[in-house]
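Beneath this line is the structure, given in structure tokens, with notes to follow.
The values are calculated or read from the model by the stated rules, or taken from the named source; none is laboratory data. Keep in mind that what you see is a predicted model, and the values were worked out from it rather than measured. Backbone-built Cβ (ideal geometry, glycine too); neighbour counts: all protein chains shown. Note: areas computed on protein heavy atoms with side chains; ligands, DNA, RNA excluded. Shrake-Rupley method; radii C 1.70, N 1.55, O 1.52, S 1.80 Å.
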Amino acid sequence: MHAPLQWFGRPACRLFLSLACLFTAISGAQAETLYFSPLPMEQPEEVVKQFKPMLNFLEKQLGAKIEIRYSTSYAEILEHFRTGQIDLAYLGPLPYISLRDSHPQAEPLVHFLEKNGEATYSCALISAGTPLPRPARKKTFALTQPLSTCGYLAIDAQLRKQGDRLDQQLFRYLDKHDEVVLAVARGDYEYGGAKTAIARNYAHLGVTILAETPPLPSFALVASSRRLSAERIAQLRKVLTGLDPQTRDKTLMSEWGIQLRNGAIPAADRDYDVVRQLRGKMKIPEQGNF
């Protein structure tokens, strides 16, 4: 009576083991972990709050896990990208072209649209209501970070239009856009530079926009083609550009950060030529001068 059970058990066991191996292989493929770094434009808890809903959505679409690797420094993010410690990054124009200079495997996937539906944004020269005088005396400026598009690069460009230069002023880096705007609002600095959309959020504190840059390519999701396959890159681009924030996906995307919920369009390296022209051969100081 035991022989038939033994005869039946061996094939059944083999079948069970085959299915177990198949399940393990599938689970292993789904367990891929991608590492993502956002620019630290605001406080860490606010940055995570802005990005986590979008990352949760992408995890389901890709069948992969996405972990946030937060850095306080733009330069650190670029170094992590170059050394293969992150797969994806949310970058503004200057950080992207700085990365691409030394790491051609950096590939822009999509530009996130601004609230007005445009794939561009601007940087603002701000004050707490004080007009910018003609070159006569040294003035104090609060800036974000050396690699921030709205920092030294944008503000120097605005000053040069008036016959002035930032290296002839007193400036200090405060890291985040909101910190710059608040420092100007408190009167700690006479002027500052920040993303226009962020500066406008503090108009109720008396923050005034004195000048803006020309339209610059909006922030992008950038992938490492050294770490991600062409298929995975194409999948990410297709998923994000296929969303409809106005109707079909409006409810879903309403939980995303304000800079992410307006849809996206495909990005390409040539989109950044305007920023390369603005930068030229400029050497951006790594530290403030007071």
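Give a quick list of trypsin sites (Lys or Arg not before Pro) in the stretch 140-190 that DSSP marks as loop, anything other than H, G, I, E or B, with at most 14 other Cβ atoms within 10 Å. Passing sites in the stretch 140-190 are Lys161, Arg165. The calculated 222 nm mean residue ellipticity attributable to helices in the chain amounts to -12000 deg cm²/dmol, summing -39500 (n - 2.57) over DSSP H runs of n ≥ 4 and dividing by all residues. Here the stretch 123-213 has an Rg and Dmax of 11.3, 31 Å, counting Cα atoms alone.
In the chain, the longest principal axis of the Cα atoms and the axis of helix 44-62 are about 40 degrees apart. For the chain, the longest principal axis of the Cα atoms and the long axis of helix 93-102 meet at an angle of about 70 degrees. Mind jotting down the distance between the C-alpha centroids of the stretch 133-185 and the stretch 222-290, whole Å? The stretch 222-290 and the stretch 133-185 have Cα centres separated by 25 Å.
Farthest toward the positive end of the dipole of the chain, out of Leu182, Ala230, Ser73, is the Cα of Ala230, where the dipole comes from beta carbon charges about the Cα centre. Taking a straight line from the alpha carbon of Lys60, these lysines sit under 16 Å away, with near neighbours fewer than eight places off in the same chain left out: Lys52, Lys238.
Place a point 7 Å from Cα of Arg69 in the direction of its Cβ. Which residues in the stretch 211-237 have their backbone N less than 20 Å from it? Those under the cut-off are 220-230, 232-233, 236. Scanning the chain for GluC sites (Glu not before Pro) lying in DSSP loops with no more than 16 further Cβ atoms inside 10 Å, the longest uninterrupted stretch between such sites is 119-254. Residue by residue, the stretch 237-254 carries 3J(HN,Hα) couplings of 5, 5, 4, 6, 7, x, 6, 10, x, 7, 10, 4, 10, 4, 5, 4, 7, 5 Hz when phi is fed to the Karplus relation 6.51 cos²θ - 1.76 cosθ + 1.60 (θ = phi - 60°); x denotes Gly or Pro. With springs only between Cα atoms under 10 Å apart, run a GNM on the chain and tell me which of Ala64, Ala119, Ala264 wobbles the most. Of the options given, Ala64 has the highest mean-square fluctuation. Taking all Cα-Cα distances within the stretch 38-142, those exceeding 22 Å account for 48%. If you take all C-alpha pairs in the stretch 103-159, what percent of them are over 16 Å apart? I get 62 percent for the Cα pairs in the stretch 103-159 exceeding 16 Å.
Treating the Cα atoms of the chain as identical point scatterers in vacuum, please give the log10 of the normalised Debye intensity I(q)/I(0) at q = 0.08, 0.10 Å⁻¹, two decimals. Scattering profile of the chain, log10 relative to I(0): -0.40, -0.58. Subtracting the Cα-Cα distance of Arg82 and Arg200 from 0.36 nm times their residue separation leaves 39.1 nm of extension gain. Counting only protein heavy atoms and a 1.4 Å probe, the chain has 50 square angstrom of accessible area per residue. For the stretch 216-258, the equivalent ellipsoid derived from the Cα gyration tensor has semi-axes of 24, 14, 9 Å, listed largest first. With 0.36 nm allotted per residue and the present C-alpha distance subtracted, the Lys52-Gln246 stretch has 67.8 nm of extension available. Here the accessible area is traced with a 1.4 Å probe on the protein chains. For the chain, carbon and sulfur cover 55 percent of it.
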